[in-house]
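Trainee: I have a structure I would like to understand better, so I am pasting it below and will then ask my questions one at a time.
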Amino acid sequence: MRVNVMRPIFKPEVPDTDFVLYPYHIFHLRLFYKRLGRSDRVFDYFAYVDLYRLGAERGDGFIDLYEWDVEEKKVMEPLVDYEEAKMKAFESAIIWGNSRVVSWWLPRIEIIRDARAYKVFWIFDRNGEKLIMDSLDGKEFSLETIVGTDGRKCRGPFCR
């Protein structure tokens, strides 16, 4: 399976490192604000929409994407479809833009570029403890703390 992956910045310096790919949809949006008695304003906005929890983060730009050939079992399935992700990106962009511009109207929004991409989470052992590392900020978490000793309790489609 070929997927777009956000360029990993951090990787554990341990042999036998595995990974899981976490789904995002990235949008480059352009917001056009009309203003009374003043010049119109145009902003570029980069939204990173989490396709598992339906959260949106603002980015500084469109991150570099690499195409990886991976096994299907290493890719998490998104719980959010394209339309929901697009609406979340628009909502996030409007909230951000309205904090910078006074306008009577909502902005016209144009999608410049968008892509489904996956964030890499490295899974590795250190001193007998299983850890997971975020490839973009380098933070490490104990897998036992995240999942618990008994594994996941909720296994249905409503577990987010």
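The values are calculated or read from the model by the stated rules, or taken from the named source; none is laboratory data. Predicted model, so just to flag it, every value in this text is computed and none were measured. Positions of Cβ are generated from backbone atoms using ideal geometry, with glycine treated the same way; all protein chains shown enter the neighbour counts. SASA here: full protein model, heavy atoms, side chains in, ligands and nucleic acids out. Shrake-Rupley method; radii C 1.70, N 1.55, O 1.52, S 1.80 Å.
Trainee: Of the conditions (1) open to solvent by less than 30 Å² (accessible area, probe 1.4 Å); (2) touching a residue at least 60 places away in the same chain (Cβ under 8 Å); (3) part of a loop (DSSP other than H, G, I, E, B), residue 80 clears all except one; give me its number.
Mentor: That leaves (2) as the condition not met.
Trainee: Which condition from (1) at pLDDT 95 or above; (2) part of a helix (DSSP H, G or I); (3) open to solvent by 50 Å² or more (accessible area, probe 1.4 Å) is the one that residue 57 breaks?
Mentor: The one condition residue 57 does not meet is (2).
Trainee: Turning to a different aspect of this structure: Can you spot a residue in the stretch 121-139 that is at pLDDT 95 or above, exposed (fewer than 15 other Cβ atoms within 10 Å of the Cβ), part of a strand (DSSP E or B) and in contact with a Lys or Arg (Cβ under 7 Å, 6 or more places away or on another chain)?
Mentor: no
Yes/no per residue for (1) closer than 24 Å to residue 39 by Cα; (2) within 14 Å of the chain's Cα centre (by Cα); (3) among the aliphatic types (A, V, I, L, M):
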{"position": "68", "(1), (2), (3)": "no, no, no"}
{"position": "88", "(1), (2), (3)": "no, yes, no"}
{"position": "108", "(1), (2), (3)": "yes, no, no"}
{"position": "118", "(1), (2), (3)": "no, yes, no"}
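Trainee: Kindly provide the set of residues from the stretch 100-120 that are loosely packed, with under 13 Cβ neighbours inside 10 Å and part of a loop (DSSP other than H, G, I, E, B), ordered by number.
Mentor: 100, 102, 104, 105
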